[in-house]
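What follows is a short report on a single structure.
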Amino acid sequence: MSQFIKIICFFFITTLCFAQPSEKQKLEERKEQILKEISENKAQLENEKKKEKSVLTQISQQKNLIELRQKLLNTTAKQTRILSDEIYLTQLEMNKLNRELKVLKEDYEKMIVKSYKSRNEQSRIMFILSSENFLQAYKRIQYMKQYAGFRKMQGEEIKEKQNKLAQAEKRLSESKKEKEVVIAQTEKEKQELEKEKQEQERLVKLIQKDKKKLAAEIDKKQKEAKDIDRKIKKIIADEIAAANKRNAEKAGTTAPKAGTTEATKFVLTAEGKIESNNFKANKGKLPWPVEKGYISLAHGDQPHPVHKNLTIHNSGVEISTEPGSSARAVFSGEVLQVQVISANNKAVYIQHGDFITVYLNLSSVNVSKGQKVSIKQNIGKIHTDSSGKAVIKFLVLQNTTTLNPEAWLN
């Protein structure tokens, strides 16, 4: 193997070894977060069971629990793969160290034998005195010093390689033990997942008896959700028209005509463009609109947990949280509108350039239209229903186009 290939292999192995701890740490943090969510979800599910509330609610929470458990299994599978890679790379490193150590020991052994044969002090003196001139004698003295120094250096190098080998062996042992723990945990999680699936099947069988009533209930809720979505888009469209008119009057220009594509978009000022760019730059980094919680209904179209032929549409995400929790702004901006949908369902619209975040299902609101808000500022109290559930619906829009909030949240 050429020297160049050796260097490339060494660089590759070193890079991977340094990269692994960071990835391992991220996976460990992710696993802790999922376990925390599972614990919270199980607590809410047990609470629902004690209250003997709707089976539909239990099914929904059971579904969330299964999804979280599946995420946990995916995380532990990644951990296992990383540990396997780490074990393989450590073994490669140990093989390399053993080969280098063997060569060093052989060279050192030859040097010791040679040194033993010429150990006579007189022969060393004769070696110097037999020099043809002073320069040659000086060079021979220097050679003897270098030879002694090289011998010492080789001895130290052997010690260093032995220490590295011992560290690699320790690392290998630790990685193997850690892998065994992760595999055992994965097996335990698989068993828990199977139990949860069986429980979900049991609940589904209970509710299958009343299909018509359930389908009517779902249909009613979907109509209500679509009606709210239409109202949200109308409010935003009206606010866009009003804002563009104000800006046009200030600039002495004409606002975009109603019915045109331009009329459905904010005509941004220089300041508005900065706000919009700042919000866009934080995609995937925004804090959640609640301090603690989990996504109980994802974004978009999805089959109903019981009746797969029924499709549920969600324009945002629904996040279940603790009763009495407050909603908070996910980014700094200006309150565009406060909407009263019903006595226990108020909505806050916050503008960030041409982006708008919407917070629904608030029982009370702490902000007013035109007010500047900061990131994580408390904007209102989330409504807690009669069964003790507190759920916030959160939307992200660019002008009047709804986006997937999950892609924006951290």
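Structural remarks
- For the range 180-196, 3J(HN,Hα) per residue [Karplus equation, 6.51 cos²θ - 1.76 cosθ + 1.60, θ = phi - 60°, Hz, x = Gly/Pro]: 4, 5, 5, 4, 5, 5, 4, 4, 5, 5, 4, 5, 5, 4, 5, 4, 5
- Along the range 266-271 the Karplus relation, 6.51 cos²θ - 1.76 cosθ + 1.60 evaluated at θ = phi - 60°, assigns HN-Hα couplings of 5, 8, 7, 7, 4, 5 Hz to successive residues, with x for each Gly and Pro.
- Long-range amide H partners of Val330 with built H, under 5 Å: Lys376
- Among the listed pairs Lys245/Lys369; Lys273/Lys381; Lys71/Lys176, those beyond 28 Å (Cα-Cα): Lys273/Lys381
- Listed residue pairs exceeding 19 Å between alpha carbons, taken from Lys78/Lys179; Lys96/Lys179; Lys78/Lys190: Lys96/Lys179
- Between the amide H of Ile341 and those of Lys346, Ala347, distances stay under 5 Å, these residues lying 5 or more places away or on another chain, with hydrogens modeled in the peptide plane.
- Remark: for residue pairs Lys63/Lys188; Lys223/Lys292; Lys292/Lys346, the C-alpha separation exceeds 26 Å in Lys223/Lys292.
- Here's the list of aspartates and glutamates a cross-link from Lys102 could span, going by alpha-carbon distance under 18 Å and ignoring same-chain residues fewer than 8 apart: Glu93, Glu156, Glu157, Glu160, Glu169.
- Residues whose placed amide H lies under 5 Å from that of Gly380, excluding near-sequence neighbours: Ala327, Asn366
- In order along the range 249-257, the Karplus-derived 3J(HN,Hα) couplings, from 6.51 cos²θ - 1.76 cosθ + 1.60 at θ = phi - 60°, round to 5, 5, 7, x, 10, 9, 6, x, 6 Hz, and Gly and Pro are given as x.
- Global geometry of the range 269-410, whether rounded, prolate or oblate, following the gyration tensor of its Cα atoms and the 1.5 cut on a/c: oblate
Where a number appears in this text, it was derived from the coordinates with a stated rule and is not lab data. All figures in this text were calculated on a predicted structure; none of them were measured in a lab.
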